[in-house]
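Following: one structure in structure tokens, then a few remarks.
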Amino acid sequence: MAITLPDDPAREALLAGQPVLWLNPRLQPQGIEDPALPVRPDQVAVAEANWQRLAPLLQALFPDLAATSGRIRSDLVALEPPLRRAIGQDGPEFGQIFVKADNALPVAGSIKARGGVYEVFMHAEALARRNGIATDDIMALASDEARTLFSGHTIAVGSTGNLGLSVGIAARALGFKAAVHMSSDAKEWKVQRLTRLGVEVVKHQADYTTAVEEARREAEADPTIYFVDDERSQMLFFGYSAAAQELAAQLSEAGVTVDADHPLFVYLPCGIGGAPGGVAYGLKAIFGDAAHCFFVEPVQSPCAMVQMMSGRDDLVSVYDVGLTNRTEADGMAVARMSDFVGEVMRPMLSGIFTVDDDALFRWLWHAHDAQGIRLEPSAAAGFGGPDFILKSEAGSDYLRLNGIESRLGQGTHVIWATGGAFVPEEQFQDFLQRGKALATGG
Ligand SMILES: *Cc1c(COP(=O)(O)O)cnc(C)c1O
């Protein structure tokens, strides 16, 4: 279906596949309190408590969580002057800039560890209870009895790669069978890694939306298959949302104030919307209007921008407006966003910007060259945020509308780096070479 987007200052550039910042006209003060929303802020605290409860079990199953007592955490890393200079964000008007280093997140090597692991473990607990296994002691989920039960069940998911890794790793750690339906964008090394873990990988010659549909259909026909539904899952969403509390504690530890006079800008790479949506929701629950959350998408896969700009309730895809969904940023190669996330973000997302693939590779190289940060292309997208806020017309409009033009020097930018730790060395060297050639001309 071809659709026409309404008049909007960002529409022309969006349709031309050019980088642009779109401002959300439906952003409301305290939008998270909108009673029409299908979720409530107190669900974030429930997720945080669940993570806490799961920690001893996670610690026992994943040796790399020993240092954090079973919590899946990443560092908050300040951008140092050489990197800030290299990307042209060294002026005092940029305030403080941090990277939230989910690129190095344990267990799954990407932000998906926060969603996929959470849903698999919460499902395991519910399944055990339904089958008469007492779970007052969470370690019961690692007992022989539980493993025997889980071995007769499958966890299925559709993925461009990273969610499959996260769900597959978590499912196998508990003794489940796992089936991952991969889109055509999926990188071969992700397929191989899953296969080595004993995960069944089904490769589709189609995009992500189709892979999800196939996985859902298979699961519906078989009661021993549990389907992790990236398009609709509130469990994934709230698993991600707990990251906000972690960031708040780290900002406070770093001496950063967040309030009306000290704005916090957060840039979140978006595929289907679950990960960035969950994190943004958690941040709005904590910081309210002082947190300014922006999604970022590839110029050819801006599914959230298309959806939210359209103002429609039914789903619109990037194909419907003539874009290709082609990008090297496999984590964001999604043509149609989650309608659940689109609805929840409507009153609270500040805006969305797009970036082209060349910029991703340039930032990927600079981050590694200047500060040793290891990213995959999707994870570099947030680096475009500060420039859009400080140097674009839409950015100026946003600051003026929110009365914070004079507060930038005391503001903070957080670039959410979403994946990279698991990228094989050879592939990473290719990324670096491409980025270096673009950044230095040689
Ligand atoms: C999945 C992913 C995203 C986007 O998350 P969604 O939940 O699909 O919006 C961004 N970056 C990376 C590296 C990812 O794996």
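The values are calculated or read from the model by the stated rules, or taken from the named source; none is laboratory data. Quantities reported herein were computed from a predicted structural model and do not represent experimental measurements. Note that each Cβ is placed from the backbone with ideal geometry, even for glycine, and that neighbours are counted across all protein chains shown. For the accessible areas, the whole protein counts, side chains as well, though only heavy atoms, and no ligand, DNA or RNA atoms are used. Shrake-Rupley method; radii C 1.70, N 1.55, O 1.52, S 1.80 Å.
One table, with the values for the structure above:
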quantity	calculated
Members of segment 34-47 that are surrounded by fewer than 18 Cβ atoms within 10 Å (Cβ to Cβ) and part of a helix (DSSP H, G or I)	42, 43, 45, 46
One residue from 166, 183, 241 being within 14 Å of the ligand (Cβ to nearest atom), among the polar types (S, T, N, Q), within 22 Å of residue 271 (Cα to Cα) and free of Cβ contacts under 8 Å to residues at least 60 places away in the same chain	166
Qualifying residues in segment 145-163 (those that are more than 10 Å from the ligand (Cβ to nearest atom), touching a residue at least 60 places away in the same chain (Cβ under 8 Å) and open to solvent by 10 Å² or more (accessible area, probe 1.4 Å)) - the one farthest from residue 325 (Cα to Cα)	152
Looking only at segment 363-372, and only at residues there that are touching a residue at least 40 places away in the same chain (Cβ under 8 Å), open to solvent by 40 Å² or more (accessible area, probe 1.4 Å) and farther than 18 Å from residue 414 by Cβ, the one that is nearest to the ligand (Cβ to nearest atom)	368
Selected residue (criterion: nearest to residue 117 (Cα to Cα)) from residues of segment 164-216 that are crowded, with 16+ Cβ neighbours inside 10 Å and aromatic (Phe, Trp, Tyr)	176
Filter pass, residue 344 being touching a Phe, Trp or Tyr at 6+ places or on another chain (Cβ under 8 Å), more than 18 Å from residue 19 (Cα to Cα) and within 16 Å of the ligand (Cβ to nearest atom)	yes
Output for segment 292-316, where each listed residue is more than 15 Å from the ligand (Cβ to nearest atom) and assigned to a helix (DSSP H, G or I)	309, 310
Residue within segment 373-386 that is at pLDDT 95 or above and surrounded by fewer than 19 Cβ atoms within 10 Å (Cβ to Cβ) present	no
Any hit, segment 343-360, residues being in contact (Cβ under 8 Å) with a residue 12 or more places away in the chain, part of a helix (DSSP H, G or I) and under 15 Å from the mean Cα position of the chain (by Cα)	yes
Positions within segment 62-80 being surrounded by 16 or more Cβ atoms within 10 Å (Cβ to Cβ) and either part of a loop (DSSP other than H, G, I, E, B) or not assigned by TED's automatic domain parsing to the domain that holds residue 346 (or both), in sequence order	62, 65, 70, 71, 72, 73, 74, 79
Selection within segment 298-332 - of a type in the set (Ser, Thr, Tyr) and surrounded by fewer than 22 Cβ atoms within 10 Å (Cβ to Cβ)	310, 317, 319, 324
Single residue of 336, 326 found to be more than 16 Å from the ligand (Cβ to nearest atom) and either in a loop (DSSP other than H, G, I, E, B) or under 30 Å from residue 441 (Cα atoms) (or both)	326
Long-range neighbours under 6 Å by Cβ, at least six apart or interchain, first residue among the hydroxyl-bearing types (Ser, Thr, Tyr) within segment 110-122, second open to solvent by less than 10 Å² (accessible area, probe 1.4 Å) and near the ligand (Cβ under 7 Å from one of its atoms)	110/419
Which numbered condition residue 121 fails, given (1) closer than 20 Å to residue 250 by Cα; (2) assigned to a helix (DSSP H, G or I)	(1)
Condition check for residue 240: buried (at least 17 other Cβ atoms within 10 Å of the Cβ) and outside any helix (DSSP H, G or I)	no
Count of residues meeting criterion [crowded, with 24+ Cβ neighbours inside 10 Å and hydroxyl-bearing (Ser, Thr, Tyr)] in segment 246-297	2
